[in-house]
Amino acid sequence: MPDLPVTVDVHLPADWADEAMSVDIRRAFTQQPKQLPPMWLYDDRGSELFDAITRLPEYYPTEAERSILARRAPEIARITGADTVVELGSGTSDKTRTLLDGFADAGQLTDIVVLDVSEQTLRDAADMLAARYPGTEIRAVVGDFTRHLRHLPDTGTRLVAFLGGTIGNLYVEERRAFLGALADTLSSGEWVLLGVDLVKRIGRIVDAYHDDTGVTEEFIRNVVRVLNREMDADFDPDAFDYVPFWDAREERMDLRLRATMPMTARIERLDLDVELGANEEIRVEISTKFRPEKLSAELTEAGFGDLHWFSDHAGDFGLVLARRR
Ligand code: SAH
Ligand code: AVI
(Lines give C-alpha, C1' and ligand atoms only; values in the text may rest on other atoms or scores of the structure.)
(Ligands and ions follow the chains in the order given, each with its own letter.)
Protein backbone atom coordinates (compact mmCIF):
# COMPACT_ATOMS: atom_id res chain seq x y z
CA MET A 1 0.00 0.00 0.00
CA PRO A 2 1.28 3.51 -0.73
CA ASP A 3 2.40 5.61 2.22
CA LEU A 4 -0.10 8.26 3.20
CA PRO A 5 1.32 11.65 4.18
CA VAL A 6 1.38 12.72 7.81
CA THR A 7 -1.03 15.60 8.46
CA VAL A 8 -0.13 17.97 11.26
CA ASP A 9 -3.16 19.94 12.43
CA VAL A 10 -2.46 23.19 14.23
CA HIS A 11 -6.00 24.48 14.72
CA LEU A 12 -4.91 26.95 17.32
CA PRO A 13 -3.64 30.48 16.77
CA ALA A 14 0.16 30.66 16.64
CA ASP A 15 0.27 32.50 19.95
CA TRP A 16 -2.05 30.13 21.88
CA ALA A 17 0.79 28.63 23.90
CA ASP A 18 2.17 32.08 24.83
CA GLU A 19 -1.28 33.24 25.85
CA ALA A 20 -2.09 30.07 27.81
CA MET A 21 1.31 30.11 29.49
CA SER A 22 0.92 33.76 30.51
CA VAL A 23 -2.44 33.05 32.12
CA ASP A 24 -1.16 29.87 33.82
CA ILE A 25 2.04 31.44 35.14
CA ARG A 26 0.33 34.56 36.49
CA ARG A 27 -2.13 32.32 38.34
CA ALA A 28 0.69 30.03 39.52
CA PHE A 29 2.61 32.86 41.19
CA THR A 30 -0.32 34.76 42.64
CA GLN A 31 -1.94 31.80 44.46
CA GLN A 32 -0.90 30.24 47.77
CA PRO A 33 0.82 27.82 47.80
CA LYS A 34 2.51 28.58 44.50
CA GLN A 35 1.76 25.84 42.00
CA LEU A 36 2.80 25.44 38.35
CA PRO A 37 0.81 23.45 35.76
CA PRO A 38 3.01 20.51 34.61
CA MET A 39 2.25 21.00 30.92
CA TRP A 40 5.04 23.57 30.75
CA LEU A 41 7.67 21.00 31.79
CA TYR A 42 7.74 19.64 28.25
CA ASP A 43 9.84 21.91 26.06
CA ASP A 44 12.28 20.00 23.80
CA ARG A 45 14.71 19.51 26.69
CA GLY A 46 11.90 18.49 29.07
CA SER A 47 10.67 15.89 26.58
CA GLU A 48 14.21 14.51 26.25
CA LEU A 49 14.58 14.37 30.03
CA PHE A 50 11.25 12.55 30.40
CA ASP A 51 12.44 10.07 27.80
CA ALA A 52 15.58 9.50 29.90
CA ILE A 53 13.37 8.99 32.99
CA THR A 54 11.53 6.16 31.25
CA ARG A 55 14.86 4.29 30.98
CA LEU A 56 15.83 4.68 34.66
CA PRO A 57 15.93 1.42 36.62
CA GLU A 58 13.92 3.10 39.43
CA TYR A 59 11.14 4.26 37.09
CA TYR A 60 9.06 1.08 36.84
CA PRO A 61 5.82 2.45 35.18
CA THR A 62 7.02 2.46 31.57
CA GLU A 63 8.14 -1.17 31.41
CA ALA A 64 5.20 -2.34 33.53
CA GLU A 65 2.77 -0.68 31.12
CA ARG A 66 4.65 -2.00 28.09
CA SER A 67 4.38 -5.54 29.44
CA ILE A 68 0.60 -5.21 29.84
CA LEU A 69 0.24 -3.83 26.33
CA ALA A 70 2.36 -6.67 24.93
CA ARG A 71 0.03 -9.24 26.51
CA ARG A 72 -3.28 -7.51 25.99
CA ALA A 73 -3.13 -5.53 22.72
CA PRO A 74 -4.84 -8.21 20.59
CA GLU A 75 -7.60 -8.56 23.20
CA ILE A 76 -8.06 -4.77 23.37
CA ALA A 77 -8.35 -4.65 19.57
CA ARG A 78 -10.92 -7.44 19.65
CA ILE A 79 -13.05 -6.06 22.49
CA THR A 80 -13.22 -2.54 21.07
CA GLY A 81 -13.41 -3.33 17.35
CA ALA A 82 -11.95 0.19 16.94
CA ASP A 83 -10.26 1.16 13.68
CA THR A 84 -8.92 4.54 14.85
CA VAL A 85 -6.45 4.85 17.71
CA VAL A 86 -6.15 8.33 19.21
CA GLU A 87 -3.34 8.93 21.66
CA LEU A 88 -3.34 11.90 24.06
CA GLY A 89 -0.08 13.18 25.56
CA SER A 90 1.58 10.84 23.11
CA GLY A 91 5.19 12.02 23.50
CA THR A 92 7.46 9.70 21.50
CA SER A 93 4.61 7.14 21.05
CA ASP A 94 7.28 4.54 21.78
CA LYS A 95 5.13 2.11 23.82
CA THR A 96 2.12 2.86 21.65
CA ARG A 97 3.60 0.71 18.90
CA THR A 98 2.95 -2.30 21.11
CA LEU A 99 -0.74 -1.35 21.25
CA LEU A 100 -0.97 -0.43 17.57
CA ASP A 101 0.60 -3.70 16.48
CA GLY A 102 -2.38 -5.51 18.01
CA PHE A 103 -4.74 -3.46 15.84
CA ALA A 104 -2.58 -3.69 12.71
CA ASP A 105 -2.20 -7.48 13.10
CA ALA A 106 -6.00 -7.75 13.32
CA GLY A 107 -6.22 -5.76 10.06
CA GLN A 108 -8.38 -3.08 11.66
CA LEU A 109 -6.09 -0.02 11.86
CA THR A 110 -7.18 2.67 9.39
CA ASP A 111 -6.30 5.87 11.31
CA ILE A 112 -3.91 7.01 14.02
CA VAL A 113 -4.23 10.39 15.71
CA VAL A 114 -1.61 11.70 18.15
CA LEU A 115 -2.10 14.83 20.28
CA ASP A 116 0.62 16.52 22.31
CA VAL A 117 1.66 20.01 23.37
CA SER A 118 5.30 19.35 22.46
CA GLU A 119 5.32 20.01 18.70
CA GLN A 120 8.72 18.68 17.70
CA THR A 121 8.34 15.47 19.70
CA LEU A 122 4.90 15.04 18.12
CA ARG A 123 6.20 15.55 14.57
CA ASP A 124 9.03 13.03 15.12
CA ALA A 125 6.57 10.50 16.55
CA ALA A 126 4.15 10.96 13.64
CA ASP A 127 6.99 10.34 11.14
CA MET A 128 8.00 7.19 13.04
CA LEU A 129 4.38 5.94 12.99
CA ALA A 130 4.00 6.68 9.26
CA ALA A 131 7.06 4.57 8.51
CA ARG A 132 5.86 1.70 10.70
CA TYR A 133 2.20 1.65 9.61
CA PRO A 134 2.18 2.36 5.84
CA GLY A 135 -1.34 2.67 4.50
CA THR A 136 -2.65 4.02 7.80
CA GLU A 137 -3.68 7.67 7.88
CA ILE A 138 -1.60 9.49 10.51
CA ARG A 139 -2.76 12.79 11.93
CA ALA A 140 -0.92 14.83 14.54
CA VAL A 141 -2.74 17.49 16.55
CA VAL A 142 -0.74 20.10 18.44
CA GLY A 143 -2.70 21.07 21.52
CA ASP A 144 -3.61 20.72 25.17
CA PHE A 145 -5.64 17.67 26.15
CA THR A 146 -7.35 19.65 28.91
CA ARG A 147 -8.54 22.33 26.48
CA HIS A 148 -8.62 21.05 22.90
CA LEU A 149 -10.32 17.65 22.70
CA ARG A 150 -12.91 19.18 20.35
CA HIS A 151 -10.17 19.43 17.70
CA LEU A 152 -9.74 15.65 17.51
CA PRO A 153 -10.82 14.24 14.15
CA ASP A 154 -14.00 12.17 14.30
CA THR A 155 -13.21 9.24 12.02
CA GLY A 156 -14.37 5.63 12.31
CA THR A 157 -14.74 4.00 15.70
CA ARG A 158 -12.20 5.51 18.06
CA LEU A 159 -10.19 4.17 20.96
CA VAL A 160 -8.61 7.07 22.88
CA ALA A 161 -5.45 5.91 24.65
CA PHE A 162 -4.07 8.02 27.49
CA LEU A 163 -1.02 6.11 28.62
CA GLY A 164 1.92 6.38 30.97
CA GLY A 165 -0.08 7.45 34.01
CA THR A 166 -0.30 11.03 32.73
CA ILE A 167 -3.87 11.31 34.05
CA GLY A 168 -2.22 11.14 37.49
CA ASN A 169 -0.58 14.51 36.80
CA LEU A 170 -4.01 16.18 36.85
CA TYR A 171 -5.56 17.49 40.08
CA VAL A 172 -8.82 15.83 41.20
CA GLU A 173 -11.02 18.61 39.77
CA GLU A 174 -9.01 18.67 36.52
CA ARG A 175 -9.36 14.90 36.23
CA ARG A 176 -13.12 15.11 36.66
CA ALA A 177 -13.36 17.88 34.03
CA PHE A 178 -11.07 15.91 31.68
CA LEU A 179 -13.12 12.69 31.95
CA GLY A 180 -16.30 14.70 31.39
CA ALA A 181 -14.87 16.42 28.31
CA LEU A 182 -13.65 13.08 26.97
CA ALA A 183 -17.12 11.59 27.43
CA ASP A 184 -18.60 14.59 25.61
CA THR A 185 -16.12 14.16 22.75
CA LEU A 186 -16.78 10.45 22.19
CA SER A 187 -19.90 8.93 20.67
CA SER A 188 -21.73 6.09 22.34
CA GLY A 189 -19.82 2.84 21.69
CA GLU A 190 -16.37 4.46 21.38
CA TRP A 191 -13.64 3.58 23.88
CA VAL A 192 -11.01 4.96 26.22
CA LEU A 193 -7.87 3.17 27.46
CA LEU A 194 -6.25 4.74 30.53
CA GLY A 195 -2.83 3.77 31.87
CA VAL A 196 -2.55 4.40 35.61
CA ASP A 197 0.13 3.84 38.21
CA LEU A 198 -1.29 1.90 41.17
CA VAL A 199 -0.88 2.45 44.93
CA LYS A 200 1.88 0.17 46.18
CA ARG A 201 4.76 0.08 48.68
CA ILE A 202 5.60 3.74 49.24
CA GLY A 203 9.39 3.26 49.12
CA ARG A 204 9.21 2.04 45.51
CA ILE A 205 7.07 4.96 44.48
CA VAL A 206 9.35 7.52 46.13
CA ASP A 207 12.47 5.95 44.58
CA ALA A 208 10.91 6.30 41.12
CA TYR A 209 10.93 10.11 41.63
CA HIS A 210 14.25 10.34 43.47
CA ASP A 211 16.64 8.51 41.18
CA ASP A 212 20.35 8.16 41.88
CA THR A 213 21.45 9.97 38.71
CA GLY A 214 19.38 13.12 39.33
CA VAL A 215 17.55 12.99 35.97
CA THR A 216 14.15 13.53 37.61
CA GLU A 217 15.51 16.47 39.59
CA GLU A 218 16.81 17.97 36.32
CA PHE A 219 13.41 17.38 34.65
CA ILE A 220 11.59 19.28 37.44
CA ARG A 221 14.22 22.04 37.63
CA ASN A 222 13.99 22.50 33.84
CA VAL A 223 10.66 24.28 34.34
CA VAL A 224 12.60 27.24 35.77
CA ARG A 225 14.62 27.45 32.54
CA VAL A 226 11.39 27.29 30.51
CA LEU A 227 10.00 30.19 32.57
CA ASN A 228 13.14 32.25 32.15
CA ARG A 229 13.18 31.73 28.39
CA GLU A 230 9.49 31.92 27.52
CA MET A 231 8.38 34.51 30.07
CA ASP A 232 11.60 36.55 30.06
CA ALA A 233 12.10 35.86 33.78
CA ASP A 234 15.29 35.90 35.84
CA PHE A 235 14.94 33.04 38.35
CA ASP A 236 18.19 31.34 39.33
CA PRO A 237 17.55 27.61 38.66
CA ASP A 238 20.32 26.67 41.09
CA ALA A 239 18.73 28.58 43.95
CA PHE A 240 16.14 25.81 44.42
CA ASP A 241 16.31 22.39 46.05
CA TYR A 242 14.28 19.54 44.59
CA VAL A 243 11.81 18.21 47.18
CA PRO A 244 9.86 15.07 46.21
CA PHE A 245 7.59 13.55 48.86
CA TRP A 246 4.67 11.15 49.26
CA ASP A 247 1.37 12.78 50.25
CA ALA A 248 -0.36 9.91 52.08
CA ARG A 249 -3.74 11.62 52.34
CA GLU A 250 -4.02 12.31 48.61
CA GLU A 251 -2.05 9.15 47.65
CA ARG A 252 0.19 11.07 45.31
CA MET A 253 3.78 12.13 44.85
CA ASP A 254 4.22 15.85 45.33
CA LEU A 255 7.23 17.24 43.45
CA ARG A 256 8.35 20.68 44.56
CA LEU A 257 11.13 23.20 44.24
CA ARG A 258 12.18 24.93 47.49
CA ALA A 259 13.90 28.34 47.48
CA THR A 260 17.22 28.01 49.31
CA MET A 261 17.25 31.76 50.12
CA PRO A 262 14.84 34.72 50.00
CA MET A 263 14.61 35.98 46.43
CA THR A 264 12.84 38.47 44.21
CA ALA A 265 12.47 37.52 40.57
CA ARG A 266 11.17 39.57 37.69
CA ILE A 267 8.78 37.99 35.14
CA GLU A 268 9.11 40.61 32.43
CA ARG A 269 6.39 39.36 30.07
CA LEU A 270 3.85 39.53 32.86
CA ASP A 271 5.22 42.75 34.32
CA LEU A 272 5.25 40.84 37.61
CA ASP A 273 7.74 40.77 40.49
CA VAL A 274 7.65 37.54 42.50
CA GLU A 275 8.86 37.34 46.10
CA LEU A 276 9.88 33.98 47.53
CA GLY A 277 10.80 33.53 51.19
CA ALA A 278 13.65 31.26 52.29
CA ASN A 279 12.36 27.66 52.19
CA GLU A 280 9.20 28.69 50.32
CA GLU A 281 8.06 25.91 48.02
CA ILE A 282 6.58 25.85 44.52
CA ARG A 283 4.63 22.73 43.63
CA VAL A 284 5.70 21.77 40.10
CA GLU A 285 3.90 18.46 39.59
CA ILE A 286 1.79 15.86 41.34
CA SER A 287 1.69 12.21 40.32
CA THR A 288 -1.38 10.49 41.71
CA LYS A 289 -1.39 6.72 42.28
CA PHE A 290 -4.71 4.96 41.85
CA ARG A 291 -6.93 2.31 43.39
CA PRO A 292 -8.97 0.56 40.69
CA GLU A 293 -12.33 0.75 42.55
CA LYS A 294 -12.07 4.52 42.90
CA LEU A 295 -11.13 5.19 39.28
CA SER A 296 -13.83 2.78 38.09
CA ALA A 297 -16.37 4.87 40.02
CA GLU A 298 -15.06 8.09 38.44
CA LEU A 299 -15.29 6.58 34.95
CA THR A 300 -18.82 5.36 35.60
CA GLU A 301 -19.84 8.77 36.88
CA ALA A 302 -18.36 10.42 33.77
CA GLY A 303 -20.48 8.27 31.44
CA PHE A 304 -18.35 5.19 30.74
CA GLY A 305 -19.27 1.54 31.28
CA ASP A 306 -18.22 -2.00 30.27
CA LEU A 307 -14.93 -1.63 32.20
CA HIS A 308 -12.04 -4.10 31.73
CA TRP A 309 -8.99 -3.87 34.03
CA PHE A 310 -5.59 -5.30 33.10
CA SER A 311 -2.43 -5.35 35.20
CA ASP A 312 1.20 -6.53 35.06
CA HIS A 313 2.42 -9.57 37.02
CA ALA A 314 3.59 -7.49 39.99
CA GLY A 315 0.35 -5.47 40.08
CA ASP A 316 2.34 -2.23 39.76
CA PHE A 317 0.45 -0.62 36.91
CA GLY A 318 -3.10 -0.79 35.56
CA LEU A 319 -4.76 -0.32 32.20
CA VAL A 320 -8.49 0.27 32.21
CA LEU A 321 -10.57 0.00 29.09
CA ALA A 322 -14.01 1.63 29.18
CA ARG A 323 -16.79 2.19 26.68
CA ARG A 324 -18.74 5.42 26.24
CA ARG A 325 -22.30 4.52 27.24
N1 SAH B 1 2.46 8.89 26.73
C2 SAH B 1 3.90 8.86 26.87
C3 SAH B 1 4.48 10.20 27.34
C4 SAH B 1 4.12 10.60 28.76
S5 SAH B 1 4.93 12.11 29.24
C6 SAH B 1 4.29 7.73 27.78
O7 SAH B 1 3.41 7.02 28.24
O8 SAH B 1 5.49 7.53 28.02
C9 SAH B 1 3.58 13.23 29.17
C10 SAH B 1 3.32 13.72 27.75
O11 SAH B 1 2.14 14.51 27.78
C12 SAH B 1 4.42 14.61 27.20
O13 SAH B 1 4.70 14.25 25.87
C14 SAH B 1 3.86 16.03 27.28
O15 SAH B 1 4.33 16.88 26.24
C16 SAH B 1 2.38 15.76 27.15
N17 SAH B 1 1.54 16.71 27.86
C18 SAH B 1 1.60 17.07 29.17
N19 SAH B 1 0.59 17.89 29.48
C20 SAH B 1 -0.12 18.04 28.33
C21 SAH B 1 -1.32 18.75 28.01
N22 SAH B 1 -1.98 19.45 28.93
N23 SAH B 1 -1.78 18.65 26.73
C24 SAH B 1 -1.12 17.94 25.78
N25 SAH B 1 0.00 17.25 26.03
C26 SAH B 1 0.48 17.30 27.30
C1 AVI C 1 4.21 11.80 32.57
N2 AVI C 1 3.98 11.40 33.96
C3 AVI C 1 3.08 10.26 34.04
C4 AVI C 1 5.21 11.21 34.74
C5 AVI C 1 4.85 10.71 36.18
O6 AVI C 1 5.39 9.69 36.57
O7 AVI C 1 4.00 11.32 36.81
C8 AVI C 1 6.01 12.49 34.83
C9 AVI C 1 7.20 12.39 35.72
N10 AVI C 1 7.56 13.30 36.58
C11 AVI C 1 8.65 12.92 37.20
N12 AVI C 1 9.01 11.72 36.75
C13 AVI C 1 8.09 11.36 35.81
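Here R147 meets the list (1) among the charged types (D, E, K, R); (2) in a loop (DSSP other than H, G, I, E, B); (3) crowded, with 19+ Cβ neighbours inside 10 Å almost entirely, failing just condition (3). For the range 175-211, a residue qualifies if it is within 13 Å of ligand 1 (Cβ to nearest atom), farther than 21 Å from P153 by Cβ and among the hydrophobic types (A, V, I, L, M, F, W, C), and the qualifying residues are A177, V196.
A single member of D238, D184, D197 is at pLDDT below 95 and either assigned to a helix (DSSP H, G or I) or within 21 Å of the chain's Cα centre (by Cα) (or both), and it is D238. Criterion applied to A233, A297, A314, A322 was being out of contact with any strand residue (DSSP E or B) (no Cβ under 8 Å at 6 or more places or on another chain) and in contact (Cβ under 8 Å) with a residue 24 or more places away in the chain, and the one residue passing it is A314.
This table checks each residue for (1) under 18 Å from the mean Cα position of the chain (by Cα); (2) surrounded by fewer than 17 Cβ atoms within 10 Å (Cβ to Cβ).
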site	(1), (2)
R66	yes, no
A82	no, no
G89	yes, no
D105	no, yes
L109	no, no
Q120	yes, yes
V172	yes, yes
G180	yes, yes
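From the list A131, A161, A181, A140, which one is out of contact with any Leu (no Cβ under 7 Å at 6 or more places or on another chain) and aliphatic (A, V, I, L, M)? Within the list A131, A161, A181, A140, the selection yields A131. In the range 40-54, the count of residues that are β-branched (V, I, T), in a helix (DSSP H, G or I) and either under 20 Å from V141 (Cβ atoms) or away from ligand 2 (no atom under 16 Å from the Cβ) (or both) is zero. Any chance the range 247-260 includes a residue that's polar (S, T, N, Q), in contact with a helix residue (DSSP H, G or I) (Cβ under 9 Å, 6 or more places away or on another chain) and in a helix (DSSP H, G or I)? No.
Each residue in the range 190-225 was checked for being away from ligand 2 (no atom under 12 Å from the Cβ) and aromatic (F, W, Y), and 1 of them qualify. Within the range 271-325, the set of residues being assigned to a loop (DSSP other than H, G, I, E, B) and closer than 30 Å to S22 by Cα comprises D271, G277, A278, N279, E280, K289. Here is a check on your reading of the model: is E281 surrounded by fewer than 18 Cβ atoms within 10 Å (Cβ to Cβ), closer than 29 Å to R175 by Cα and more than 16 Å from ligand 1 (Cβ to nearest atom)? Spelling it out, it is not the case that E281 is surrounded by fewer than 18 Cβ atoms within 10 Å (Cβ to Cβ), closer than 29 Å to R175 by Cα and more than 16 Å from ligand 1 (Cβ to nearest atom). Take the residues of the range 150-170 that are part of a loop (DSSP other than H, G, I, E, B) and aliphatic (A, V, I, L, M): which is surrounded by the most Cβ atoms within 10 Å (Cβ to Cβ)? Going through the qualifying residues, I end up with L163. Looking at the range 62-108 only, could you name the residues that are under 14 Å from L194 (Cβ atoms), within 13 Å of ligand 2 (Cβ to nearest atom) and in a helix (DSSP H, G or I)? Within the range 62-108, just E65 meets the criteria. Screening A208, A259 for residues that are hydrophobic (A, V, I, L, M, F, W, C) and touching a residue at least 40 places away in the same chain (Cβ under 8 Å) leaves exactly one candidate, A208. Scanning the range 239-271 for residues that are surrounded by 14 or more Cβ atoms within 10 Å (Cβ to Cβ), farther than 16 Å from R221 by Cα and not hydrophobic (A, V, I, L, M, F, W, C) yields a total of 4.
A quick yes/no check of all residues on (1) over 17 Å from the mean Cα position of the chain (by Cα); (2) within 19 Å of L186 (Cα to Cα):
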| site | (1), (2) |
| --- | --- |
| A125 | no, no |
| Y133 | yes, no |
| R139 | yes, yes |
| G143 | no, yes |
| H148 | no, yes |
| G156 | yes, yes |
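Scanning the range 68-80 for residues being among the aliphatic types (A, V, I, L, M), surrounded by 19 or more Cβ atoms within 10 Å (Cβ to Cβ) and more than 16 Å from ligand 1 (Cβ to nearest atom) gives a total of 1. Take the conditions (1) in a loop (DSSP other than H, G, I, E, B); (2) farther than 30 Å from E280 by Cα; (3) within 13 Å of ligand 2 (Cβ to nearest atom); Y59 misses just one of them, which is (2).
The values are calculated or read from the model by the stated rules, or taken from the named source; none is laboratory data. All figures in this text were calculated on a predicted structure; none of them were measured in a lab. Note that we place each Cβ from the backbone using ideal geometry, even for glycine, and neighbour counts take in every protein chain shown.
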